[in-house]
Amino acid sequence: MTVKISQTAELQAFFKQAAGLDNDQGSPRVKQILLRILQDSARLIEDLEITDDEFWSAIDYLNRLGGRGEAALLIAGLGIEHFLDLLNDARDAQVGHTGGTPRTIEGPLYVAGAPLCEGEARMDDGTEEGVATTLFIEGQVIDLQGKPIAGAIVDLWQANTKGNYSYFDKSQSAFNLRRRIVTDAEGRYRARSIVPSGYGCDPQGPTQECLDLLGRHGQRPAHIHYFISAPGYRHLTTQINLSGDKYLWDDFAYATREGLIGEVNFVEDAALAAKRGVEGRFAELSFDFQLQPAVETGEEQRSLRPRALQA
């Protein structure tokens, strides 16, 4: 018979003391959260009969996960980041915030401070010319009535043809494939980029180690991330996963959602390529974003999640 002591008055009092509830210092909110973590962890250990070896193996795993900076990657892979989106969707529906482009996960690879451009931008630094397929992206930012939103900031970032992101991949130039574009008077944005590749978790990393134990892959489809913001409108964090990718509906990070599929059109016409100022095959992608009005100014801002900042 399993011995269970976590629910006794003595242990509950001990957890409250460990969480700092016996003093007036510190943060009441942190104390509340930590107490719940202690209580639920103790119950988990008891209910699943966690052995000492399993417990300390898990602690070692957490150390290695943090040492590799993969905590946010694992959170996405275990569906927690997607759960936050679903929870926010439910909260919005409860108070009548409906319509607009769906949100989806941010992921761990954003870098703040990308160059700000008016109306249009070239995103790539040209180092993959001859290897990458040029991609022309365009779209419009509109409100729920379809009215264009001028002056919105379209902040977009993506991987290169190897599935790597600048800043985290030190072989790339600063802010390669990262730009912020201010929409024009008709709410339009345009970008010249390259068709990105999907990526997989490092096979030797702790995230893939966990996924292996779950019998799961760590692959993502090709995609482009977006932050969309404008005064008077709710900030939107989303991404478009590109059509035709084998992992489109098998994304290990659960980011693919209805309404967020980017239909890529590949063009082989030499005359059209010349008109675009490129040679050979190129691709086109059109995607519009519809924003909800902000009820309070705080909704105009993205979350305070810690993010990388290019030095």
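With both partners inside the chain, how many of the DSSP beta bridges are antiparallel, as a percent to the nearest 5? Intermediate values should be presented prior to the final figure.
On the way: 30 of 48 bridges.
The answer is about 60 percent antiparallel.
Relative contact order, percent, of region 174-311 when contacts are C-alpha pairs under 8 Å separated by at least 6 residues?
On the way: 169 pairs, mean separation 26.9, N = 138.
Relative contact order for region 174-311 comes out at 19 percent.
Taking 0.36 nm per residue of separation and subtracting the Cα-Cα distance, what length does fully extending LEU84 through LEU44 add? Please report the intermediate quantities before stating the final value.
Working: separation 40, 0.36 × 40 = 14.40 nm, distance 2.25 nm.
Computed gain between LEU84 and LEU44 is 12.2 nm.
With a Förster radius of 22 Å, plug the Cβ-Cβ distance of GLN94 and GLN145 into 1/(1 + (r/R0)^6) and report the FRET value to the nearest 0.05.
Details: r = 23 Å, r/R0 = 1.05.
It comes to 0.45.
Using the Cα centre of region 97-309 as the reference point, and only Cβ charges (+1 on K/R, -1 on D/E), how large is the resulting charge dipole? Debye, rounded to the nearest 20.
On the way: 22 positive and 29 negative charges, 62 e Å.
Computed charge dipole of region 97-309: roughly 300 debye.
Could you give the length gained on full extension between ARG36 and THR2, defined as 0.36 nm per residue of separation minus the Cα-Cα distance, in nm? Don't skip to the end; give the middle numbers.
On the way: separation 34, 0.36 × 34 = 12.24 nm, distance 2.23 nm.
So the chain would gain 10.0 nm between ARG36 and THR2.
With the alpha-carbon atoms as the only input, what is the per residue convex hull volume for region 99-214 in Å³? Don't skip to the answer; put the middle values down first.
Details: hull volume 14.6 nm³, N = 116.
Roughly 125 Å³ of hull volume per residue.
Tell me the Kirkwood radius of the chain: reciprocal of the mean inverse pair distance over distinct alpha-carbon atoms, in Å.
Mean inverse Cα-Cα distance, inverted, gives 22.1 Å.
Exceeding 32 Å between C-alpha atoms, which entries from my cross-link table qualify? They are LYS162/LYS275; LYS170/LYS275; LYS31/LYS162. Spell out each step's value before the answer.
Values: LYS162/LYS275 28 Å; LYS170/LYS275 34 Å; LYS31/LYS162 44 Å.
Exceeds cut-off: LYS170/LYS275; LYS31/LYS162.
How long are the semi-axes of the equivalent ellipsoid of region 268-311, defined as square roots of 5 times the Cα gyration tensor eigenvalues? Whole Å, largest first.
Numbers: eigenvalues 314, 68, 12 Å².
Semi-axes from the Cα gyration tensor: 40, 18, 8 Å.
Work out the charge dipole of region 74-121 with +1 on the Cβ of Lys and Arg and -1 on the Cβ of Asp and Glu about the Cα centre, then indicate which of GLY99, GLY119, ILE80 is farthest towards its positive end.
Selected residue: ILE80.
Apply the Kirkwood formula to region 1-79: the hydrodynamic radius equals the inverse of the mean of 1/r over all pairs of different alpha-carbon atoms; give it in Å with one decimal.
On the way: mean 1/r = 0.0681 Å⁻¹.
Value: 14.7 Å, from the Cα pair sum.
Assuming 1.306 mPa s and 10 °C, estimate D for region 162-240 with Stokes-Einstein, Rh taken as the Kirkwood radius over Cα pairs, in µm²/s.
Values: Rh = 15.4 Å.
Answer from the Stokes-Einstein relation: 103 µm²/s.
Can you grab the distance from the C-alpha centre of region 42-89 to the C-alpha centre of region 194-217, Å, no decimals?
Each part's Cα centre sits 16 Å from the other's.
Go through ILE194, VAL30, ILE228 and say which Cα lies farthest out towards the positive end of the charge dipole of the chain; charges sit on Cβ, +1 for Lys and Arg, -1 for Asp and Glu.
Comparing the listed Cα positions along the dipole, ILE228 ranks first.
Quick one: helix 80-95 against the long Cα principal axis of the chain, what's the angle to the nearest 10°, folded into 0 to 90?
So the inclination is approximately 80 degrees.
Where does the charge balance sit around PRO293 when Lys and Arg score +1, Asp and Glu -1, over other residues with C-beta under 15 Å from its C-beta? Let's see the in-between values first.
Working: positive: LYS147, ARG234; negative: ASP92, ASP143, GLU296, GLU299, GLU300.
Summing Lys and Arg as +1 and Asp and Glu as -1 gives -3.
If contacts are Cα pairs under 8 angstrom and at least 6 residues apart, what is the relative contact order of region 202-250 in percent? Display every interim value, and only then the final one.
Details: 48 pairs, mean separation 15.5, N = 49.
After rounding, I find 32 percent.
Just need the relative contact order of the chain here, percent rounded to a whole number, with Cα pairs under 8 Å and 6+ apart.
Values: 556 pairs, mean separation 62.6, N = 311.
Once divided by the residue count of the chain, the mean separation gives 20 percent.
Helix 9-18 sits at what angle to the longest principal axis of the chain, using alpha carbons and giving 0 to 90 degrees rounded to 10?
Helix 9-18 and the main axis of the chain meet at about 50 degrees.
Taking the simple approach of a point 7 Å from Cα along Cα-to-Cβ for both GLU258 and TYR61, what is their distance in nm?
3.4
If you line up the long axis of helix 52-67 against the longest principal axis of the chain, both from Cα atoms, how many degrees apart are they, to the nearest 10?
So the helix axis and the longest Cα principal axis differ by about 30 degrees.
Values in this text are rule-based calculations from the coordinates and carry no lab data. A quick note: this is a predicted structure, and the numbers were derived from the prediction, not measured. Counting neighbours? That spans all protein chains shown, and the Cβs are built from the backbone with ideal geometry, glycine included.
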